[in-house]
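Working notes, structure below.
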Amino acid sequence: MDKRYQDQVVMITGAASGFGKMAATRFAAEGAKLALSDISADALAQVADDLRAGGVEVITDVVDVSQADQVMAHGAHIKEAFGALNVGINNAGVGHTLCPTHMLSTEEFDFNYAVNARGVFLCMKVQIPFMLEAGQGAILNVSSAAGLTGAAMLSGYAAAKHAVVGLTRAAADEYARKKIRVNALCPAFTVTPMVEEMAEQMVARGGITRDQAYGNIAQRIPMGRVAQPEEIVQAMLWACAPENSFMTGQTIALDGGLTAI
């Protein structure tokens, strides 16, 4: 059976856990060579070791995506190791303390914006030259349903994720004629470390159980549940696939109906 990503080079940030870790496994199963990064050295090394044990070509770098020198160094490593880049999955992200806007610290706002928005910008600066040289490519920026709507108690996160949507649309317009597709994925609450941390904050603040916290989160979703990571990652593979060649500049909401209301 043909593999959609056979011998294509796929760059995934935030690859040590959550969506990024699962995406690495799924792209590898489709024949991809992988350039993985994360801030967690040990967890990233474990992901890479597991993939290499299955015969996958993998390079890794410990990267803080908010730091230009680290992102550019990762790009140079990709150039040295593979000489090309076909797909970029800009997945690395952080949340912040649940709190009203006026109580969110400037430092926490700035950090959130640096990782979630500046990080995507810096990664695209690395990815686009590869794709211009090749004459094609696909970039998928992981935004959030919070990048399409308001997000009470998460104003800094929502602002940064709205910025990701803006970056996506601008780049899609700029590079469409160069056959570089740029789209954004906008998942709602999913069983990931970030949402687990949110649930823990709710438990600490409200004197409720973990199950009650997840129940409160699920109540905000019309489908009445949070997503499973597999439901999000399958969309990553579809969005970047060669056969999905006419879609660019889109915000793909996987949100159980959240943005429909």
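Based on DSSP H runs of at least 4 residues, each adding -39500 (n - 2.57), what is the mean residue ellipticity at 222 nm of the chain after dividing by all its residues, to the nearest 500 deg cm²/dmol?
Mean residue ellipticity, 222 nm, calculated: -14500 deg cm²/dmol.
Kindly provide log₁₀ I(q)/I(0) values, in the same order as q = 0.11, 0.12, 0.13 Å⁻¹, from the Debye equation applied to equal alpha-carbon scatterers of the chain.
-0.57, -0.68, -0.80
Straight-line reach from LYS3: which lysines have Cα under 20 Å away, leaving out those fewer than 8 places along the same chain?
Those lysines meeting the cut-off are LYS21, LYS33.
Roughly how many whole Å is it from the C-alpha centroid of region 145-190 to that of region 82-124?
Cα centres, region 145-190 to region 82-124: 11 Å.
Please report, to one decimal in angstroms, the Kirkwood hydrodynamic radius of region 115-261 built from all distinct Cα-Cα pairs.
16.3 Å is the Kirkwood radius here.
Please work out the Kirkwood hydrodynamic radius for region 24-103, using every pair of different C-alpha atoms, and report it in angstroms with one decimal place.
14.1
Straight-line reach only, C-alpha to C-alpha below 20 angstrom: list the aspartates and glutamates that LYS178 could link to, leaving out same-chain residues fewer than 8 apart.
Partners found: GLU133, GLU243.
Taking 0.36 nm per residue of separation and subtracting the Cα-Cα distance, what length does fully extending GLU174 through ALA45 add?
Extra length from GLU174 to ALA45 when fully extended: 42.9 nm.
Rounded to a whole number of µm²/s, how large is the Stokes-Einstein D of region 161-229 at 37 °C and 0.692 mPa s, given Rh as the Kirkwood radius over C-alpha pairs?
230
On full extension of the chain, what length is gained from GLU243 through VAL62, given 0.36 nm per residue of separation minus the C-alpha to C-alpha distance?
Net length gain for the segment: 61.9 nm.
Given the Cα-Cα distance of ASP211 and LYS125 and 0.36 nm per residue of separation, how much length would full extension add, in nm?
Contour length minus Cα-Cα distance gives 26.8 nm.
On a C-alpha basis, how far is the centre of region 1-74 from the centre of region 217-242 in Å? Whole number, if you could?
After rounding, the separation between the Cα centres reads 20 Å.
Counting Lys and Arg as +1 and Asp and Glu as -1, each charge on the Cβ, what is the dipole of the chain about the Cα centre in debye, to the nearest 20?
Taking the Cα centre of the chain as origin, the dipole is about 700 debye.
Give me MET236, MET247 ranked fewest to most by other Cβ atoms within 10 Å of their Cβ, as a rough exposure proxy.
MET247, MET236
Every read-out reported here was derived from the displayed coordinates using simple, explicitly stated rules and does not represent laboratory data. Values in this document were obtained by computation on a predicted structure and should not be read as measured data. Counting neighbours? That spans all protein chains shown, and the Cβs are built from the backbone with ideal geometry, glycine included.
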